[in-house]
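Bear in mind these aren't lab numbers, they're just calculated from the coordinates by the rules spelled out. The structure presented is a predicted model; accordingly, all values stated were derived computationally and were not measured.
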Amino acid sequence: MGPVLTVVSLLLLVLQVLLIARAVLDWSVLLAGPPFPGSVRSRLSTGVRAVTEPILAPVRRVLPPLRVGGASIDLAFIVVFLAIVIIRTFL
C-alpha cells in the first residue's frame, strides 16, 4: 500500500471512530439526559457533530430516518459506516 492510500485509510479509520463516538454520545442523551452547557460531554458532542454532520447530512437527504413506532433509525449513519468499511477493505 502506498503512502497516499495509507493516509486515506487512516482518515477513514478516524472517521469510523468519530461515527462510533457520535452514536455513543447520542445514546448517552437517552441514558443520562441532556448534557449541561460547557460540560465535557457537551463539548465532545458539539465537536463530533461538527465533523460528522457534513458527511451524514447529504445521505440523510436521500435516505431519511426510518420511523419505527415512536423511534427512528438513522439509516444514513448505517450506510456511511458500511461504505467506509467496504472502502477500507478494498484499500
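Relative to the longest principal axis of the C-alpha atoms of the chain, give the angle of the C-alpha long axis of helix 75-90, reported between 0 and 90° and rounded to the nearest 10°.
Taking the Cα atoms of the chain, the angle to 75-90 is about 20 degrees.
To test your reading of the geometry: what angle, between 0 and 90 degrees and rounded to tens, separates the Cα axis of helix 40-62 from the longest principal axis of the chain?
70 degrees
How compact and how long is the chain, expressed as Rg and Dmax of its alpha-carbon atoms in Å?
Rg, Dmax (Cα atoms, Å): 15.0, 48.
For the chain, what is the mean residue ellipticity at 222 nm derived from helices alone (per DSSP H run of n ≥ 4: -39500 (n - 2.57); sum divided by total residues; nearest 500 deg cm²/dmol)? Present the calculation step by step, with values, prior to reporting the outcome.
Values: 3 runs with 69 residues, N = 91.
After summing the helix terms and dividing by the residues of the chain, the value is -26500 deg cm²/dmol.
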